[in-house]
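Following: one structure in structure tokens, then a few remarks.
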Amino acid sequence: MNCTKTYTGTQTALLLALRMSIGWHFFYEGVVKVINPKWTSLAYLSDSQGWFSEPFRAIASNQNLLDTVNIINEWGLILVGFGLIAGCFTRFAIAGAIGMLTLYYLSHPPFVGSEYILPREGSYLWIDKNLVEIAALTVLYVFPTWHVFGLDRYIFNRSRRRLDGGNCSTNN
């Protein structure tokens with residue numbers, strides 16, 4: 001009995017390409033930060049604007065907190081990226097990615113009149129690459145591919161069979 005959701009070959013390929021592309025984006029961003037001993041989020045957090053700028057600036061002004069946030073950011077990016085690429089604990093990776101992107105958006109919202117010291121990659125009005133990537137990750141959550149390609153296929157299918165007694169569950 002087949003217990004997985006089915007997509008066409010094209011749908012599966014495009015969803016996998018989207019998952020792996022976003023995964024690579026996160027993974028590479030994290031690796032670049034880890035291997036650069038001079039990288040810090042100080043300038044980014046200090047340049048924060050919007051409703052939540054005060055907490056971000058407070059992090060930037062506290063060296064111990066800043067060091068902790070730097071490590072969490074670097075390794076969070078790497079772990080989320082690996083999870084998406086390998087399809088390993090993918091739901092947690094997607095949730096982590098959405099959480100990180102939400103914080104990036106709240107730190108630097110693309111609102112009218114916002115002028116940042118750090119250069120932006122384009123001209124945005126309300127919707128920027130962070131929100132687009134959040135939308136793409138939401139699509140990946142709603143149309144999962146980890147049951148098709150990824151380590152989750154092996155991790156969770158075995159545990160599901162044990163829990164279901166071999167019967168398929170309608171809640172994939």
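Values in this text are rule-based calculations from the coordinates and carry no lab data. Every value quoted in this text rests on a predicted model; they were computed, and no experiment measured them. Virtual Cβ from ideal backbone geometry, glycine too; neighbours counted across all protein chains shown.
Using per-residue counts of other Cβ atoms within 10 Å, averaged over each peptide, order 61-69, 141-149 from highest down.
141-149, 61-69
State, to one decimal in nm, how far the label point of THR12 lies from the label point of SER46, with both points 7 Å from Cα in the Cβ direction.
5.1
Compute the separation of the alpha-carbon centres of the stretch 55-69 and the stretch 1-50 and state it in Å as a whole number.
With the stretch 55-69 and the stretch 1-50 each reduced to a Cα centre, they are spaced 24 Å.
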